[in-house]
Amino acid sequence: MKNWHKFALILFTVILVYRDSFTSAFFQDDKILLALANSNNPFAIIPNFPYRPISQELFYRIGYFAFGLNPIGYHFVLFAFFVGTLALIFKLA
């Protein structure tokens, strides 16, 4: 990237905007998906629960194994994916 300073400015702005998300608790259906990740059958069907792709169930299962119930690890991994996507979009643009 020859315009790395532009990317650094965008990344700094994103970090500034989303800095509070690293310390926030789990939200909405996160607790249900974490309960499934902690159960003996993580692929159990919950009545009246919308369909979720297998990748989301695997994310929570691996995240629970790595971070337990600490939301900072989950938020950091999601932020790392976001930064990678941002870098790819910046490179394409």
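Just so it is clear, none of the values below were taken in a lab; they were calculated from the coordinates. Keep in mind that this is a model prediction, so the values were computed, not measured. A quick note on method: Cβ atoms are made from the backbone with ideal geometry, for glycine too, and the neighbour counts reach across all protein chains shown.
Grab the Cα-Cα distance for ASP30 and ILE62, subtract it from 0.36 nm times how many residues apart they are, and report the gain in nm with one decimal.
Working it through step by step, the gained length comes to 10.1 nm.
Report the residues of the stretch 53-93 in range of a label on VAL14: point 7 Å along Cα→C-beta, backbone N strictly under 16 Å from it.
75-93
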